[in-house]
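The values are calculated or read from the model by the stated rules, or taken from the named source; none is laboratory data. If you're wondering where the values come from, they're calculated on a predicted model, not measured in any experiment. Here the Cβ positions follow ideal geometry from the backbone for every residue, glycine too, while neighbour counts run over all protein chains shown. Side chains included, ligands, DNA and RNA excluded: accessible areas come from the protein's heavy atoms. Shrake-Rupley method; radii C 1.70, N 1.55, O 1.52, S 1.80 Å.
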Amino acid sequence: MISVKNISFRYREKLIIDDISINLSSDSIGILGPNGSGKTTLLKIISGLLKSNRGEIFIDNSNILNFSPQQLAKMFAIVSQEYEPTYGFSVEEIIEMGRYPYLSFWGFQSKNDRKIINQTIELLNLESIRKNRTDDLSSGERQKVRFARALVQEPKYLLLDEPTSNLDLSNKLLVTQILNTIKEFDTNIIITSHDIDFVRYNISECVMLSSGSIIYSGLSKNVINKKNIKKLFSLDSLPNWVI
Ligand code: ADP
């Protein structure tokens, strides 16, 4: 379980996360909110990538500050939407990078490392492009490679930052399919999104974030309703096609 206790964060003088406390224990959690509400910042704080100005994060009752970078890399894998230059590395090489926290002192891959890499490549149907340069891939294929690199990390928590933004319907279905596969592993998923329907139908619990504060949290099927969405996005009314 991840316990977030009285977390506040500022970029320079601007308050981005405002005294948030919550326990995250479900196998899939969505952080929903408009652009700029602090979703990505919260995800980075939860995973130890950013240090909060106030408050504490506990992972299974241990303060996150007590974990080494290597321990954190085994605990958290992040699939972000930020552009990543890949310098001509192949699909296989990029995926192998996810095993880095597990490599021996000499940096050699073990039989187990190879097995996990091969299984993941098969699982995500990447065999036919295994040797291809990642620069030449479509955006959907690149997304799959990022998922694969995160999965070979065998994280306890898979953090997905806006996994469906910029994806067409077929790639959105692919992400849904991948998430359902991941649920079979012992991995919890935390995603940020402004895609209400995606969270409602695929993610069990949901936290609604507005201007750095949690305004609602609970089971997605209960929390995601017209009244709460209007408040979340500061809207007076909602058209019928929204939920
Ligand atoms: P969201 O993921 O909900 O869109 P973010 O967490 O990315 O929101 O950003 C929250 C706020 O923090 C925004 O106002 C954004 O401009 C600001 N912000 C994000 N990253 C930085 C940064 N590196 N430096 C300064 N301000 C930032």
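Per-structure values
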| read-out | value |
| --- | --- |
| Helix-only mean residue ellipticity at 222 nm for the chain, each DSSP H run of n ≥ 4 adding -39500 (n - 2.57), per residue, nearest 500 | -9500 deg cm²/dmol |
| Highest average packing first - 225-235, 194-204, Cβ atoms within 10 Å | 194-204, 225-235 |
| Surface accessible to a 1.4 Å probe, per residue, for the residues of region 2-232, Å² | 51 Å² |
| Size of electric dipole in region 2-232: Cβ of Lys, Arg +1 and of Asp, Glu -1, about Cα centre, debye, nearest 20 | 520 debye |
| Leading residue at positive end of dipole, the chain (Cβ point charges), from 152, 97, 201 | 201 |
| At most 12 other Cβ within 10 Å, DSSP loop - trypsin sites (Lys or Arg not before Pro), region 105-178 | 131 |
| Cα-based radius of gyration of region 123-243 once divided by 2.2 N^0.38 Å, which approximates compact folds | 1.20 |
| Heavy-atom accessible surface of the chain: percent carbon and sulfur, 1.4 Å | 50 percent |
| Cα Rg, Dmax, region 2-232, angstrom units | 17.8, 57 |
| Degrees between helix 169-182 axis and first principal axis of the chain (Cα, 0 to 90, nearest 10) | 80 degrees |
| Orientation-averaged projected area, Cα convex hull of region 114-170 (nm²) | 4.5 nm² |
| Packing-based order for 7-15, 86-94, using average beta carbon neighbours within 10 Å, highest first | 86-94, 7-15 |
| Region 44-155 - Rg over Rh from alpha carbon coordinates, Kirkwood radius | 1.02 |
